[in-house]
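Engineer: Quick one: the structure is below, questions incoming.
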């Protein structure tokens, strides 16, 4: 039995087996959408690889070659053949989405001979040179761990190879199969990278498991006129507005958009240039949202006027958008009220209810930078450029804003530690935007080249909703549930389903857990659930900030207490419902 699975859409293996990226490829192909052919090395092979001392065994490699043969048959091209060249991408994909945390290698299979063949076939020498240089740069960076600046068009493949060899003392392989074997190993290795571990720790994702590896035929957004790449959200991930939202980069490849290193255009630019492609894209995106009953984040490439979908996944969205989308999907009949209440977390509601800047304050405050809103919310801290320093200072108790030219997966630990993120470059679908929305960090991107460095060391107030960075610490005003119509609706649904009476005031006897802190370790702040349960057991009602925590919800449920007094009803209700 083969240890790789060809993703032809005839079957839909479990997401836990093949990872989210491969599952989306198989699902899209089953729907008849245009997706480049691919095969996947399942998640359990990652565990086997690490258990074997980071080695691919011969049996698996034989099956990988069979997978390549299947792609060759589907495309009519061959890996390493200059007369009919096949290039592939090698992509990570865990069962739980971890955007940008693990590695990807594009344009694999190109050599000097293949590059010459591409130039001859397409008549586009510039495209062939760019594709070759891109591969050498990415292979050197991702696989050989060379210290390289971000890729920019211009250097030749020979020049990039020389930089890599000089830095790491190891050449980029000429053999496409040697390239493929090394890239698969690099993707498996990235499961254990510091950034992936940091992300899993923050989100409570199990260390047990691994990533699948998807090998997929390349399509080229950098192939002359009528080509490009982009990202489409079926709804606005910043505010939940129910209209398609995304970015388009003519003449680029996917990492140009996600990496935030290129100036991107809005989707209207695609509508103007290729209206038929734009119509097809929106139609397919709507199909995916209806099928998944959830807002989708779709990566696509257009090669010489022909649209291809590369992957789709549940979109990371801001806390504000999470609330609106959940309520809207109920109103549209796609999900139930029960599902909506389960989808919005207490942490997201806490973020929505954070204080905000008044219009009067904003009108008189000094604006240091303006850019594109990437994740709503307001936070204040000292601007710091280096993510390691951001993490150190945050752990020491300081509020820090990460200000950088752009962000990469290697910066995630600093993004997690920061209270907000600001970048010079990038758009609303860049790495910085996607990760900060997942984290719920206020963020502003695209403030202008060199601006981040000018804010280092300054006290900043970042308004991610307005896309502005202000000087100093601005006063904030409280936010109430009733100010948000969709939050008010969600609150009503949660109240109907919560078995505990959560109220703003109570006339009877109330245990005050702000006064009695015996269940909280004074040094670490850790909550002892058993002690907290004991304090609540037999009480008529209780109040205190400790209850608005996962441990507090556990203690409320275990104690059997019927009434909780709090000014923030909805977060506690959601924690109780979602236990």
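Each value in this text was obtained by applying a stated rule to the coordinates, not by laboratory testing. Given the structure is predicted, the values throughout are model-derived calculations rather than measurements. Every residue, glycine as well, gets a Cβ built from its backbone with ideal geometry; the counts of neighbours run over all protein chains shown.
Engineer: Roughly what angle does helix 550-559 make with the longest principal axis of the chain, taking Cα atoms, 0 to 90 degrees, to the nearest 10?
Structural biologist: 50 degrees
Engineer: What ranking, highest mean first, results for peptides 357-369, 515-527, 298-310 when packing means the other Cβ atoms within 10 Å averaged over each residue? It would help to have the intermediate numbers written out before the result.
Structural biologist: Working: 357-369: 13.5, 515-527: 11.9, 298-310: 20.5.
Highest-to-lowest ranking by the protection proxy: 298-310, 357-369, 515-527.
Engineer: Let me know the whole percent of all Cα-Cα pairs from region 1-218 that are separated by more than 33 Å.
Structural biologist: Every Cα pair in region 1-218 considered, those over 33 Å come to 14 percent.
Engineer: So how far, in whole Å, is the C-alpha centre of region 113-146 from the one of region 372-447?
Structural biologist: Here the answer is 33 Å between Cα centres.
Engineer: Could you work out how far apart the two model spin labels at residue 181 and residue 52 are, taking each label as a point 7 Å from the Cα in the direction of the beta carbon, and quote it in nm?
Structural biologist: Between residue 181 and residue 52, the label points sit 1.1 nm apart.
Engineer: Can you compute the helix-only [θ] at 222 nm over the chain? Use -39500 (n - 2.57) per DSSP H run of at least 4 residues, normalise by all residues, nearest 500 deg cm²/dmol.
Structural biologist: Working: 23 runs with 237 residues, N = 579.
Calculated at 222 nm, the ellipticity per residue is -12000 deg cm²/dmol.
Engineer: Taking the simple approach of a point 7 Å from Cα along Cα-to-Cβ for both residue 81 and residue 306, what is their distance in nm?
Structural biologist: With each label placed 7 Å out from Cα toward Cβ, I get 1.6 nm.
Engineer: By how many nm would the segment from residue 293 to residue 44 grow when fully extended, if each residue of separation counts as 0.36 nm and the alpha-carbon distance is taken off?
Structural biologist: Using 0.36 nm per residue and subtracting the Cα-Cα distance, I get 86.8 nm.
Engineer: Would you please put 56-67, 422-433 in order of how densely packed they are, using the mean number of other Cβ atoms within 10 angstrom per residue and starting with the highest?
Structural biologist: 422-433, 56-67
Engineer: Next question, about the same structure. Which whole-percent values make up P(r) of region 498-577 when all C-alpha to C-alpha distances are grouped in 10 Å steps starting at zero?
Structural biologist: For region 498-577, the binned pair fractions read 20, 60, 19, 1 percent.
Engineer: Further question: Given that compact globular proteins tend to follow 2.2 N^0.38 Å, what is the ratio of the alpha-carbon Rg of region 219-316 to that value?
Structural biologist: 0.99
Engineer: Also: If R₀ is 41 angstrom, what is the calculated FRET efficiency for the pair residue 283 and residue 540, using the beta carbon separation as r and rounding to 0.05?
Structural biologist: Working from the Cβ atoms, E equals 0.10.
Engineer: To the nearest 0.05, how large is the calculated FRET efficiency for residue 454 and residue 1 if R₀ is 41 Å and r is the Cβ-Cβ distance? Please list the in-between numbers first.
Structural biologist: Details: r = 59 Å, r/R0 = 1.45.
Calculated value: 0.10.
Engineer: With all pairs of different alpha carbon atoms counted, what Kirkwood hydrodynamic radius in Å does region 359-471 show?
Structural biologist: 13.1 Å
Engineer: Could you calculate the contour length gain from residue 116 to residue 62, that is, 0.36 nm times the residue separation minus the distance between their Cα atoms, to one decimal place in nm?
Structural biologist: 16.6 nm
Engineer: Tell me the label-point distance for the pair residue 197, residue 388, using the 7 Å Cα-to-Cβ offset, in nm and rounded to one decimal.
Structural biologist: 1.5 nm
Engineer: What does the convex hull of the Cα atoms of the chain come to per residue, in Å³, rounded to a whole number? Kindly include the intermediate steps, with their values, before the conclusion.
Structural biologist: On the way: hull volume 96.4 nm³, N = 579.
So the per-residue Cα hull volume is 167 Å³.
Engineer: Which order, highest average first, do 13-23, 190-200 follow once you tally other Cβ atoms within 10 Å for each residue and take the mean per peptide?
Structural biologist: Put in order of decreasing packing, that is 13-23, 190-200.
Engineer: Shifting gears a bit: If I fit a long axis through the Cα atoms of helix 319-331 and take the longest principal axis of the Cα atoms of the chain, what angle between them do I get, 0 to 90°, rounded to 10?
Structural biologist: Taking the Cα atoms of the chain, the angle to 319-331 is about 90 degrees.
Engineer: In percent, what relative contact order does region 219-316 have, based on Cα pairs under 8 Å that are 6 or more apart in sequence?
Structural biologist: Taking the mean separation of contacting Cα pairs over the length of region 219-316, I get 35 percent.
Engineer: Using 0.36 nm per residue of separation minus the Cα-Cα distance, give me the extension gain between residue 208 and residue 168 in nm, one decimal.
Structural biologist: Length gained between residue 208 and residue 168: 11.2 nm.
Engineer: For the chain, calculate the relative contact order in percent as a whole number, restricting contacts to Cα pairs under 8 Å that are 6 or more residues apart.
Structural biologist: Normalised by residue count, the contact order of the chain is 11 percent.
Engineer: To test your reading of the geometry: what angle, between 0 and 90 degrees and rounded to tens, separates the Cα axis of helix 275-292 from the longest principal axis of the chain?
Structural biologist: For 275-292 against the chain, the angle is about 50 degrees.
Engineer: In addition: Normalised by the empirical 2.2 N^0.38 Å for globular proteins, what value does the Cα Rg of region 1-130 take?
Structural biologist: It is 1.14.
Engineer: Here's something else I'd like to know. What is the calculated FRET efficiency for residue 362 to residue 483, with r their C-beta to C-beta distance and R₀ = 25 Å, to the nearest 0.05?
Structural biologist: Computed FRET efficiency for residue 362 and residue 483: 0.90.
Engineer: Taking Cα pairs under 8 Å and at least six residues apart, what relative contact order does region 498-577 come out at, in percent?
Structural biologist: RCO, region 498-577: 42 percent.
Engineer: Let me know the shape class of region 65-185, please: from the alpha-carbon gyration tensor, a ≥ b ≥ c as square roots of the eigenvalues, rounded when a/c is under 1.5, otherwise prolate if a/b is greater than b/c, or oblate.
Structural biologist: Oblate, since a/c reaches 1.5 and b/c is not below a/b.
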